[in-house]
Structure formats: C-alpha cells, structure tokens
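The values are calculated or read from the model by the stated rules, or taken from the named source; none is laboratory data. All values derive from a computational prediction rather than experimental measurement. Cβ placement follows ideal geometry from the backbone for every residue including glycine, while neighbour counts extend to all protein chains displayed. Calculation scope for accessible area: heavy atoms of the full protein, side chains included, ligands and nucleic acids excluded. Shrake-Rupley method; radii C 1.70, N 1.55, O 1.52, S 1.80 Å.
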Amino acid sequence: MATNTSQEFDSVIAVCKSLFLKKTKDYGTAWRILRLSSITDQLFIKAQRIRTLEEKKVSKVGEGIIPEYIGIINYCVIAMMQSEMTADDPNELELAKVEALFDQKVKETKDLMLAKNHDYGEAWRDMRVSSLTDLILMKVFRVKQIEDNLGETVASEGVVANYQDMLNYAVFALIRMDVK
C-alpha cells in the first residue's frame, strides 16, 4: 500500500484549520489571555479524555475522540503562537494574521515530522492509536515539568519541540482514523 504522508498530513490539517478559523471568527483571539501553562492543561484535559474514552468505549457527552484530537492540534498551534508573543502584542489579532501564524507553525511542525519520518521509517503507521494518545500524555507531563522548572532544561528539548511532537502524534492518530 503506497502512502503519501505529506498529503495525508495536509488533509488532516485542513480540517483542523477550518475549525480553528471558524472559531476565531466566532470568538476572536480570546486564547491570547491564556498562559502557556493553561494551554498545557487544556492539552492534558483533551488527551486524558481521549484515554478515558479509549478505555471505557462510551461517551456520555456525545462527542467522540476525533474532536479531541483536532483540539489537541489546534491548542498546540496556539501554544506555539503564544510562546513567541509577549504582553506587548495585542490580545485581538486580525484573522489574516492568525491564519498566517497558523500556517507558519504548521509548516515548521510538518517539516520536523517529515525529517523524523525519514529517520524512523514511518513507524507510527504500525502503532496503536492508543499508544499515540499515551505519547501525547507523556509529552504533556514533560511540558508541565519544564514549565515547573521555569523553562530550564539540562539535556532536553524545550516546550515548543514537545508541542510539535504532540501535534504530529495527533495528526498521525487522525490519519490512522481516516479523517480527511
């Protein structure tokens, strides 16, 4: 079976971006008020909910796993945007600026994914989706620890690299679940 990871990635991101821009039209950039630690906690909530749904196989609020993975992708993009902004940047950003920033962060993350895919031989295609969930949760806990250490690391990547990995794992999960 031939695969085109780049095209599949773009297809999943198109779904996520469409929702992101619609929510930006509805809510503006209210997310600008969030500190990175709050975004990390949102990522935790979404990943933990996915894990719970994977284990219990039942949702009592009607939404399934796919919207949560989409949320993880979009919150990772928000986190990467926020990590480069300061209090001097406006809270309300124009839609065109948000879209350009979204595209920039996704491109940087996709480039990383393509490089890693080359080196790892697309091993994620043989992984269980539940393992991707666990990897996202692990990355969330890593980010929380880095945040608790005030951003200081001794031998590890920083928070942005972890956000990129979480975004890519969520994309892989959605590809595996045939979201287009």
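When ranked by the protection proxy of mean other Cβ atoms within 10 Å per residue, highest first, what sequence do the peptides 113-123, 7-17 form? Working shown, then result.
Numbers: 113-123: 12.3, 7-17: 17.3.
Per-residue Cβ counts within 10 Å, averaged per peptide and sorted highest first, yield 7-17, 113-123.
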Subject >> Straight-distance crosslink candidates among lysines, where the alpha carbon sits under 20 Å from K144 and sequence neighbours closer than 8 are dropped >> reply: K46
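Ignoring ligands, DNA and RNA, please state the percent of accessible area on the chain from carbon and sulfur, probe 1.4 Å. Walk me through the numbers on the way to the answer.
Working: 5300 of 10040 Å².
Ligands and nucleic acids excluded, carbon and sulfur reach 53 percent.
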Subject >> Computed lengthening from K107 to K22, 0.36 nm per intervening residue step minus Cα-Cα distance >> reply: 28.6 nm
Original post:
Given a cut-off of under 8 Å on Cα pairs at least six residues apart, what relative contact order in percent is computed for the range 5-177?
Top reply: 35 percent
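Mind pulling up the Rg/Rh value for the range 48-130? Radius of gyration and Kirkwood radius, both on Cα. List each step's numbers first, then the result.
Details: Rg = 16.6 Å, Rh = 15.6 Å.
Over the Cα atoms of the range 48-130, Rg/Rh equals 1.07.
Tell me the mean residue ellipticity at 222 nm calculated for the chain from its helices only (DSSP H runs of n ≥ 4, each -39500 (n - 2.57), averaged over every residue, nearest 500).
Working: 6 runs with 128 residues, N = 180.
Result for the chain, helices only: -24500 deg cm²/dmol.
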Original post:
Which FRET efficiency value, to the nearest 0.05, do you get for S37 and E122 by plugging their Cβ-Cβ distance into 1/(1 + (r/R0)^6) with R0 = 22 Å?
Top reply: 0.10
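Please report the projected area of the chain's Cα convex hull averaged over all directions, in nm². Could you put the intermediate results ahead of the total?
Values: hull surface 44.1 nm².
For the Cα atoms of the chain, the hull's average projected area reads 11.0 nm².
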